[in-house]
Each structure stands twice: as C-alpha cells, then as structure tokens.
Amino acid sequence: MDLNAPGTIEQTVFTEKVNSIRAICKNEDSKEMVMHVGELDQNQVNTISTIVENQMVNNGVGKGIVKRIFNIAIETLQNMCFHAEKENNSNQMTYFIIGKHNNDFVTYAGNVLQKTSAEKLSKRLERLKSLNDADLKQEYLEVLSNGELSKKGGAGLGFITIALKSNNNFDFEFQPLNNDYSLFSMKAKVTG
C-alpha cells in the first residue's frame, strides 16, 4: 500500500479534505488554531496536545472549555496514532486541525482505515450518537468496568469520551479511497 504517493486518487482525496477544512478555518469569523498533517507517534501526540493546551490558554479560553477540548484532542490523537492504517513505509495519512468559529471550537481529524474496520466503526459511532448524556455516562462506566482491551491496547473509551466532552456534538464520514481503504473523518464541537 502506498496511498500517499503524489498523484494517486487516495492522496488527492486526502489533500482535498484537508484543504477544505483549512478553508473553513480561514473564513471571516474563523481561525485555525492547531494543525498537524502526517504520521503520528506518541511523542507527536504529546507535543500536539501541549500545543493545543497552550493555544487555548493563550487565547483566554476558560479552564472548563480547555479541559474538554484537551480531552477530545488526546482521545482523537491516540485513536489515530494506534488505529490509523500504516503504509508499507510505515507512514500514516492523518490530519488533526482545531478551528475556532465564533464561540465554537471544532476539532477535525481524519485517517485511513480498512473498509472492514470502517463498517464496524460506523455502527459504533451511530450507536453513540443515539445515546443521551445519561446513557453515554452509563456506557462509559460499563466499558471502564469491563476492562477488556483490544489487540491494539484500547478499551473503547476514546469515542465515548469524545461524545461526552462534546455533548454528543460530533459528526463523522467515511470516503472510499479504493476497494480496500476509506478516509475516516470526524468533527467534534465544543461551544465556548
């Protein structure tokens, strides 16, 4: 797999997605606050999360909002770091952008997934979107007490945390890249 080779349909779709988000973040009432495109490792996750927190504090964002955005950022970055497909050269196609639109802070994130994983993830996220706040908290506690870890080490709390911290104000989509892979994109909003 060499999805990010220049001129491939996969690279074109990925680049168009990132450019469309950046354009949204540069509108009249908007601002791009944080951006990362490319592979992720734990050191980069730590660095980006520190940048997120510093940007929020430097922009005078209240502690409660900073905490919610920071938690969404950490969970999103960790998910991409551990679950995004890696190419033959171990590179990942990921993006993470935080934009401020009026009083809303929006995290945009995306990565490449196998279509079989995309189908399972879509069902899980649709289910989370259907839950109210009390049911989300109950789901969180059940997963936490269940303690089962996936092959990649996660217990499934990340998306529940994102749903909780965004007050279930998240959207997602899967764009087919080829017969085997899709671009998973997720947007979560926190109102300041």
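The values are calculated or read from the model by the stated rules, or taken from the named source; none is laboratory data. All of these numbers come straight from a predicted model, not from anything done at the bench. Because the Cβ atoms are built from the backbone with ideal geometry, glycine has one as well, and the counts that use them run over all protein chains shown.
Miscellaneous remarks
- Flag if Ala109 is small (Gly, Ala, Ser), under 20 Å from Phe184 (Cα atoms), under 10 Å from the mean Cα position of the chain (by Cα) and in a helix (DSSP H, G or I): no
- Only one of the numbered conditions (1) over 21 Å from Val190 (Cβ atoms); (2) of a type in the set (S, T, N, Q); (3) touching a residue at least 12 places away in the same chain (Cβ under 8 Å) is violated by Asn19, and that is (3).
- Per the listing Lys129, Lys100, the residue uniquely farther than 22 Å from Leu177 by Cα and in contact with a Lys or Arg (Cβ under 6 Å, 6 or more places away or on another chain) is Lys100.
- Residue list for segment 38-72, filter: closer than 26 Å to Ala118 by Cα, among the hydrophobic types (A, V, I, L, M, F, W, C) and in contact with a strand residue (DSSP E or B) (Cβ under 6 Å, 6 or more places away or on another chain): Leu40, Ile48, Ile69, Ile72
- Some residue of segment 70-88 being modelled with pLDDT of 95 or more, more than 17 Å from the chain's Cα centre (by Cα) and assigned to a helix (DSSP H, G or I): no
- Selection within segment 43-61: residues that are among the β-branched types (Val, Ile, Thr) and closer than 12 Å to Phe105 by Cβ. The member of this set that is farthest from the chain's Cα centre (by Cα) is Val61.
- Selected residue (criterion: modelled with the lowest pLDDT) from residues of segment 140-191 that are acidic (Asp, Glu) and farther than 19 Å from Lys115 by Cβ: Glu148
- All conditions in (1) surrounded by fewer than 16 Cβ atoms within 10 Å (Cβ to Cβ); (2) farther than 25 Å from Gly38 by Cβ hold for Glu139, with the sole exception of (1).
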